[in-house]
């Protein structure tokens, strides 16, 4: 229960605040109805998506933005269908809203392929630099900004934990899906940390499994195997 509440507070603070920055920047132009686009790669009735959306709306309201008063939200729910996601991304970009919120790489990628001018805020993206969404974490550049799922340095922490569990290990293999851009930054962290821990690391790849109509909620982060 406490973890769920923490996640909700995080979404309220981060997503609502981030989506509001282009609105605040234009508020000096006078009060009028602003438009926000929201691209979600989940179904409209998905419980997790609805919980996040509720927190998103609450965050906006805390900053003075209320649907029907000073903002209008254009939702697009693609239900995990890549073709539909691309179509909805183009629709939202054509509307030219003040800002578009993209949930996850599955939404941010298609959106940034169709617009490099509409301000875009993303969340739940593992590696926006590796995916080409931003120039760097410190200076995103372009029209996109947002929040990564976890710090790249977690790759080095995996090696440290491995050595604590099995001090005699000298070689480690990282199994990753090359189609998942999130592994790029993590792999770099693994390579950097390995020498100081006395480890030789190698990388193996696996094919991307066929995608179902709904996106998996299971992590597809790199996996590690080791030997001495």
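The values are calculated or read from the model by the stated rules, or taken from the named source; none is laboratory data. Not measured: the values here are computed from a predicted model. With ideal geometry, Cβ positions are generated from the backbone for all residues, glycine too; neighbour counts draw on all protein chains shown.
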Check your understanding: Got a number for residues in segment 34-48 being in contact with a strand residue (DSSP E or B) (Cβ under 6 Å, 6 or more places away or on another chain) and at pLDDT below 90?
Key -> 0
Practice item. Might you let me know whether segment 50-64 holds any residue that is modelled with pLDDT of 65 or more and either outside the structural domain of residue 118 (by TED's automatic domain parsing) or assigned to a strand (DSSP E or B) (or both)? Key: no
Revision key, fill the gap. Going through segment 79-100 in order, the residues found to be in a loop (DSSP other than H, G, I, E, B) and either outside the structural domain of residue 34 (by TED's automatic domain parsing) or within 18 Å of residue 121 (Cβ to Cβ) (or both) are 96, 97, 98
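Closer than 30 Å to residue 202 by Cβ and in the same structural domain as residue 83 (by TED's automatic domain parsing), is that true of residue 114?
Against the criterion (closer than 30 Å to residue 202 by Cβ and in the same structural domain as residue 83 (by TED's automatic domain parsing)), residue 114 does not qualify.
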Exercise for review: Taking the residues in segment 170-192 that are surrounded by 18 or more Cβ atoms within 10 Å (Cβ to Cβ) and more than 22 Å from residue 123 (Cβ to Cβ) as candidates, determine which candidate is modelled with the lowest pLDDT.
Suggested key: 176
Exercise for review: Return only the number of the condition from (1) in contact with a helix residue (DSSP H, G or I) (Cβ under 7 Å, 6 or more places away or on another chain); (2) crowded, with 20+ Cβ neighbours inside 10 Å; (3) on the phi < 0 side of the Ramachandran plot that residue 146 does not satisfy.
Suggested key: (3)
Practice item. Run residue 76 past the list (1) over 20 Å from residue 34 (Cβ atoms); (2) over 16 Å from the mean Cα position of the chain (by Cα) and report the number of the one that doesn't hold. Key: (1)
Review point. Does residue 104 fit the bill of being in the same structural domain as residue 85 (by TED's automatic domain parsing) and out of contact with any strand residue (DSSP E or B) (no Cβ under 8 Å at 6 or more places or on another chain)?
Key: no
